[in-house]
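First comes the structure, then the notes that go with it.
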Amino acid sequence: MDTGNASMAGLASQICNHIASIFSKPTTHPPALDLMVAELASISSQKGRVFLYGVGREGLMLKALCMRLAHLGLSAHFVFDMTTPPITPKDLLIASAGPGGFATVGAICSVAKSHGGRVLLLTAQPETGSSVKYADAVAYVAAQTMADDGEDDGGREKSRTLLPMGSVYEGAMFVLFEMVVYKLGEVLGESPEAIRARHTNLE
């Protein structure tokens with residue numbers, strides 16, 4: 001392995017180890033993986049729809065999950081897409097507010113609740129986040145977000161980090177969602193062939 005590849009492998013290892021450590025932190029909250037699989041399996045059994053929403057890079061992670069849920073045979077829709085249907089009492093909204101709350105996330109969750117929809121919120125601030133009040137279920141992702149990036153405990157500016165701002169939370173979302181898709185596929189009895197058959201061929 002040349003020096004360049006060794007350097008890349010080292011950085012990749014640091015990033016992966018950092019994200020993996022998120023899932024071993026002690027917490028009194030139910031495991032996010034178990035919670036999400038249970039919520040999605042329940043909606044699937046009721047023939048309900050799944051709506052997803054997040055802003056910025058969190059939104060990109062949720063769009064990736066939306067695609068995989070469609071591959072698993074669920075009726076999955078990202079909020080604000082042109083073909084998004086109305087939410088009903090048998091449906092689930094999965095939203096993310098890593099730092100605890102965003103104005104748009106809170107507004108979407110409120111609308112979903114007003115129409116009887118169930119809300120699952122992903123966040124790193126399950127106790128204090130402003131969007132938590134709308135959630136029927138909270139998936140706690142114990143990762144750094146924009147809310148706690150920038151200064152150390154002494155108020156001093158942090159040195160440059162490998163995963164700045166909300167990158168740890170967003171990376172943890174991606175890994176969590178891959179685990180959710182794997183476990184949910186098992187629960188639903190979806191074969192790799194069935195999942196692949198639902199992938200678009202308009203490419």
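The values are calculated or read from the model by the stated rules, or taken from the named source; none is laboratory data. Computed from a prediction, not measured in an experiment: that's the story for all the values here. Note: ideal-geometry Cβ built from the backbone for every residue, glycine included; neighbour counts use all protein chains shown. Surface areas here come from the heavy atoms of the whole protein model, side chains and all, with no ligands, DNA or RNA. Shrake-Rupley method; radii C 1.70, N 1.55, O 1.52, S 1.80 Å.
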For region 1-40, radius of gyration divided by Kirkwood radius, i.e. Rg to Rh on alpha-carbons: 1.27
In Hz, Karplus ³J(HN,Hα) per residue of region 121-135 (6.51, -1.76, 1.60; θ = phi - 60°; x = Gly, Pro): 10, 8, 6, 9, 10, x, 8, 10, x, 5, 8, 4, 4, 8, 8
Keeping all protein chains in place, calculate the accessible area per residue for the chain (probe 1.4 angstrom), answer in Å². 55
Starting from the amide H of Gln144, placed 1.01 Å from N in the peptide plane, find each other amide H under 5 Å away whose residue is 5 or more places distant or on another chain. Tyr169
Given points 7 Å out from each Cα along the Cα-Cβ axis, report the Ala20 to Arg196 separation in nanometres with one decimal. 2.8
Estimated inter-spin distance, Lys47 and Thr84, nm [label 7 Å along Cα→Cβ]: 2.5
Take the solvent-accessible surface of the protein heavy atoms, probe 1.4 Å, and return the percent of it on region 18-85 that carbon and sulfur atoms account for. 61
Full extension from Leu60 to Asp136: what is 0.36 nm times the residue separation minus their Cα-Cα distance, to one decimal in nm? 25.1 nm
Around Ile94, which amide H atoms from residues at least 5 apart in sequence, or from another chain, sit under 5 Å from its own amide H, with H modelled in the peptide plane? Phe51, Leu52, Tyr53, Leu120
Report, in deg cm²/dmol and to the nearest 500, the calculated mean residue ellipticity at 222 nm for the chain, where each DSSP H run with n ≥ 4 adds -39500 (n - 2.57) and the sum is divided by the residue count. -14500 deg cm²/dmol
Note on region 73-203, DSSP bridge orientation, antiparallel percent to nearest 5 equals 10
Tell me the label-point distance for the pair His29, Ala6, using the 7 Å Cα-to-Cβ offset, in nm and rounded to one decimal. 4.0
